[in-house]
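Here's the structure, in C-alpha cells; my notes come after.
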Amino acid sequence: MEIQKTYVMLKPTCVQRGLIGEVISRIERKGYKIIDAKMMYLNEEILREHYAHLTDKPFFPQILDNMTSGPVLGLIVEGRNAVVGMRILMGATKFEEAAAGTIRGDYASSTRENIIHGSDSLENAEIEIKRFFG
Ligand code: UDP
Ligand code: MG
C-alpha cells in the first residue's frame, strides 16, 4: 500500500463547462483526497515547461490557445497508488481511445479538449506539484 500525491489539473474547458463538481466527485468517490486546490491563469512560459515534450508538435499553438482560454483548477490528489490510479480514472489521451466510464471517455469528445491533466509518473508528479504549488 503506497500513499502517493499526484498533480491533477482541470483544464479551461472543464471549468467553462461547469464540470468541476462532477470531476472532483469522481476523484473523491475513488477514495482519493483533494489536499490542495488553486485556480490559476497559466502563461506561455509555464505551459512550455509543463508541455516540454510537445513544444515541437504542429498542434502546440492550439494547446497554448486552449490552455490559456480561461482559468484552470490545479489540484494535489492524495491516495493509494494515486499516480497510476488517476491516470486510469482519467482515461486515455486520445478521445477515440478513452473508454466510457472514465472522465475523458464520459465528458470529452476531442483529444485537445480532454478536460483533465494528471501526472504520468511519480517523478513527474513531484516536479509538477513543485511547478504549480511551489
Ligand atoms: N494533445 C493533443 N493532441 C495530441 C496529443 C496531445 O491535443 O495528439 C494534448 C491533449 O490535450 C493532451 C495534452 O496535449 O492531454 C498533453 O499530451 P500528453 O501526451 O502528455 O497526454 P496526457 O498526459 O494529457 O494524457
Ligand atoms: Mg502528459
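Here, each number is a calculation from the coordinates, and none is a lab measurement. Values in this document were obtained by computation on a predicted structure and should not be read as measured data. Neighbour counts run over all protein chains shown; Cβ positions are idealised from the backbone, glycine included.
Would you mind computing, in nm to one decimal, how far apart the modelled labels at residue 131 and residue 56 are, each placed 7 Å from Cα along Cα→Cβ?
Computed distance between label sites residue 131 and residue 56 equals 1.8 nm.
Taking amide hydrogens as modeled 1.01 Å from N in the peptide plane, which residues meet the under 5 Å criterion relative to residue 69, leaving out close sequence neighbours?
none
Any chance you could get the radius of gyration and Dmax over the Cα atoms of the chain, in Å?
Both quantities, over Cα of the chain: 13.8, 41 Å.
Under a Cβ-Cβ cut-off of 10 Å, what is the net charge of the residues other than residue 82 that fall near it, where Lys and Arg count +1 and Asp and Glu count -1?
On the way: positive: 5, 30, 33, 80, 87; negative: 2, 78.
Neighbour charge sum, excluding residue 82 itself: +3.
Show me 48-59, 121-132 ranked by packing, highest mean number of other Cβ atoms within 10 Å first.
121-132, 48-59
If we count every other residue with Cβ under 9 angstrom of residue 34's Cβ, Lys/Arg +1 and Asp/Glu -1, where does the sum land?
Details: positive: 33; negative: 28, 36, 78.
The answer is -2.
Once whole DSSP H runs in the chain are found, which of them have Cα atoms spread over 27 Å or more along the helix axis and a mean Kyte-Doolittle score of at least -0.5? Working shown, then result.
Working: long enough: none.
None pass (Cα extent of 27 Å or more, hydropathy at least -0.5).
Identify all aspartates and glutamates with a Cα-Cα distance to residue 130 below 18 Å; exclude those on the same chain that are fewer than 8 residues away in sequence.
36, 44, 45, 49, 78, 120
Which number do you get for Rg(Cα) / (2.2 N^0.38 Å) in the range 1-68? Please list the in-between numbers first.
Numbers: Rg = 14.4 Å, N = 68, 2.2 N^0.38 = 10.9 Å.
The reported ratio for this selection is 1.31.
Can you check what the net charge comes to around residue 122, using other residues whose Cβ is under 10 Å from the Cβ of residue 122 (Lys, Arg +1; Asp, Glu -1)?
Working: positive: 5; negative: 2, 120, 123, 126.
Residues near residue 122 contribute -3 overall.
Taking the dipole about the Cα centre of the chain, with the C-beta of Lys and Arg at +1 and of Asp and Glu at -1, give me whichever of 52, 37, 63 is farthest to the positive side.
Of 52, 37, 63, it is 37.
Looking at the calculated P(r) for the range 36-109, what percent of the C-alpha pair distances fall above 17 Å? It would help to have the intermediate numbers written out before the result.
Values: 1623 of 2701 pairs.
Beyond 17 Å sits 60 percent of the P(r) for the range 36-109.
Based on Cβ point charges of +1 for Lys and Arg and -1 for Asp and Glu, what charge dipole magnitude is obtained for the chain about its Cα centre, in debye rounded to the nearest 20? If you can, show how the numbers build up before the last one.
Details: 17 positive and 18 negative charges, 67 e Å.
Dipole size: approximately 320 debye.
Express in nm, to one decimal, how much length is gained between residue 22 and residue 95 on full extension, taking 0.36 nm for each residue of separation and deducting their alpha carbon distance. Each step should come with its number before you reach the end.
Values: separation 73, 0.36 × 73 = 26.28 nm, distance 1.87 nm.
Once the chain is fully extended between residue 22 and residue 95, it gains 24.4 nm.
With each pseudo-label sitting 7 Å past Cα toward Cβ, what's the residue 29-residue 41 distance in nm, one decimal?
About 3.4 nm separates the two model spin labels.
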